[in-house]
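Each value in this text was obtained by applying a stated rule to the coordinates, not by laboratory testing. Predicted, not measured: the structure shown is a model, and the values here were computed from it. Neighbour counts run over all protein chains shown; Cβ positions are idealised from the backbone, glycine included.
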Amino acid sequence: MNASAAIRKKVESLREQIRYHNYRYHSLDDIEIPDAEYDRLVRELQELEEEHPELVTDDSPTQRVGAEPSSALATVQHRLPMLSLDNAFSEDELRDFHARVAEKLEFEDGAPDLRYSAEPKLDGAAVSLLYEDGVLVRGATRGDGTTGEDITHNVRTIQSVPLRLLGEGFPRTLEVRGEVFMPRAGFEAYNKKARQAGEKTFVNPRNAAAGSLRQLDPRLTAERPLDMYVYSVGLIDEGGLPDYHSEVIKLLQAWGLKTCPESRVVNGVEGCLRYYEDIGARRDALGYDIDGVVYKVDSLAMQRELGFISRAPRWAIAHKFPAQEELTTVEAVEFQVGRTGALTPVARLAPVFVGGVTVSNATLHNIDELHRKDVRVGDTVIVRRAGDVIPEVVKVVMSRRPSKTRRVHLPKLCPVCRSHVERIDGEAVARCTGGLYCKAQRAEALKHFVSRKALDVDGLGAKLIEQLVAEERLSDPSDLFRLGREELSSRERMGDKSADNLVRAIDASRSTTLARFLYALGIREVGEATATNLASYFGSLQAIQDASLDELTQVPDVGPIVAQRVRSFFEEQHNLDVIERLLESGVYWAESKPQQVAEEGPLTGKTFVITGTLPSMTRDEAKALIQRQGGKVTGSVSSKTDFLVAGANAGSKLAKAQSLKVKVLDEADLLELAAV
Ligand code: IVH
């Protein structure tokens, strides 16, 4: 059968796209489309070439997977090619793979117990390490599988790569292969620093690893938190290996090479599937990115018998997880207003299945982030949803930007209440200045007020609150206590019974605790724990209202910023009015004896400041100790400070204390002074 002109054209177009993305990935370290999309392009081309073998050309990207080595680094010839793996995207494809293995090995029973070595498929960059007489002599990238790049200077900076093997018995020439990756925590920290310095960030840990390895200056690589797991042996000379892959891995470990702690031997397809489930469930907790698992026939004799097909072994397969990154288009960019008025830009997306769910909204975090990524309506973007994390827009595919798009700006007026939007210098967030006048803030404040850790009103959902706020039935929380059964039961989807229950729940919530009440007020920075500390320290609302900044900072966990927030809150008349109305509506709690009145103690009348890391207690523990013994703790050193308690890495407070001649204590001195 002859391929039609349309198919010929399609094949050419796929090749062109794949070449372009290969180049971006390997030569520029700047990917433009997610892996899943790339894989689909390659698959589509492979399928067309299988159907129409007459169209296969030598220069088709399917004939050589990988990229041109970049010109700046020296090239390395892999005497034994570095292969790639076939993928299974479903259980059926995995079963097909196993069936092919069993058939080729002439098992008559389908080989239900065939041993596989199962390992995570690490999402980094494949690297070859060459050891001569146990000494690391060369590190190389995979490149196109035959020709890679010499990155010896860079792999030497990776702490987990031994420069000399441990023990003995290793072959005279030993080439090992594995994956260099950037652990997630290191990636986040690196990007955070780069963002602060206004430098380029990495899109994902894999790109970060690949990019770091191809630096020309090893000092730059040394600053990148890279790690490496070794997963196979390449070339060996003058020496032998055990009979099973799993034993080879153990031996590599004994020689000081780092291997993945999650490798296991499993039996048959069923064992593979259980492993896939297990690793999939723990994927987010692993600390490094993986994009599937790899199964390798464990017996090396069987591996030899199975051999290879062009670029991949017949004895191994990569079983991929559903992609965590996909492409979709932006239909709108909107700003959501939160409880404190913060405006969060959100991209409304054409629905797309990613990370196991359908996603149609993705956060853009804040206005700086939106501008940095320059997301526009009509753009094609990469969305990412990893684990339970809220979906986010990773980047725009610039080559697919339609003409005549417009940059999105921070609105000058709140999209909900038209109050001015304010952005304090140096703060990432822009806020609506409408306060409780803004229906969005009011609704969010009310949702917070009735939430489980606050007044805990059962059965008052977000939708109902939004409706009631929109209808001006709730202008402040005290209006809740005036909601009648009739007006509730007349609502859609609210029968007499649920209206009764809700009224009863609202009624019951009147009886609360000071801690819950404080938390419910939604004072910025006052979370559940701080509210509890404030309540038990002062015992009554009046005492908190009357407390000075200095007194507030005596409370465990309350620093100058939180203290200021509390003061500011109680200085606003409208907040006092809301409290008044709530009390009039019958909200009450039992007041308790304040804990702050310290017993007379050895530290009575003395003021302390604590700084640095103490050897055996946290700063909060030290603070509590000082207070128990009658002393006072403040946040900054002044001429009124009697003692500075300084631990390791003390900074400016120590310098200031020294200049003011304030006596400096260490933890032992403090314990002695406090007579404990
Ligand atoms: S074995 C012949 N094991 O996946 C076997 N590869 O698609 C070749 N990879 O280039 C590789 N984790 O970068 C193997 N546990 C693992 C792996 C793994 C990640 C990567 C490797 C390779 C690519 C093949």
Nearest-0.05 FRET efficiency for ARG43 and ALA301, computed from C-beta distance (R0 22 Å): 0.10
Most positive-pole-ward Cα, HIS21, VAL56, VAL381, against dipole of the chain from beta carbon charges: VAL381
Using alpha-carbon coordinates, inclination of helix 245-254 to the longest axis of the chain, degrees: 60 degrees
Where no second cysteine Cβ lies under 4.7 Å, the cysteines concerned in the chain: CYS260, CYS272
The stretch 455-545: GluC sites (Glu not before Pro) falling in loop per DSSP and having at most 12 other Cβ within 10 Å: GLU471, GLU472, GLU492
Radius of gyration, Dmax [the stretch 518-676; alpha carbons; angstrom]: 17.3, 55
Two-site label geometry, ALA428 and ASP113: point separation in nm, points 7 Å out along Cα→Cβ: 5.5 nm
Cleavage-rule hits (trypsin sites (Lys or Arg not before Pro)) in the stretch 419-491: DSSP loop, at most 12 neighbouring Cβ within 10 angstrom: ARG452
Gain on full stretching of the segment that runs from LYS200 to GLU672 - 0.36 nm per residue minus C-alpha separation: 164.8 nm
Pair SER652, ASP546: separation of 7 Å Cα→Cβ label points (nm): 3.5 nm
Extent along principal axes [Cα atoms of the chain; Å; largest to smallest]: 85, 69, 53
Entries of LYS320/LYS373; LYS439/LYS497; LYS192/LYS373; LYS193/LYS258; LYS193/LYS373; LYS192/LYS412 with Cα pairs more than 19 Å apart: LYS320/LYS373; LYS439/LYS497; LYS193/LYS258; LYS192/LYS412
Length released on extending from ASP92 to GLU571, taking residue separation times 0.36 nm less the Cα-Cα span: 165.8 nm
Value of [θ]222 nm, deg cm²/dmol, for the chain, DSSP H segments ≥ 4, -39500 (n - 2.57) each, nearest 500: -10000 deg cm²/dmol
Computed over the stretch 634-676: relative contact order in percent, which uses C-alpha pairs under 8 Å that are six or more apart: 41 percent
Contour minus Cα-Cα distance for ILE7 and ARG407 (0.36 nm per residue): 140.2 nm
Length-normalised contact order of the chain in % [C-alpha pairs under 8 Å, at least 6 apart]: 9 percent
Inter-site label distance for VAL56 and LYS453 at 7 Å from Cα along Cβ, in nm: 6.1 nm
The chain, dipole about Cα centre (Lys/Arg Cβ +1, Asp/Glu Cβ -1), debye to the nearest 20: 2020 debye
Built amide H within the under 5 Å cut-off of ALA88, gap 5+: ALA318, HIS319, LYS320
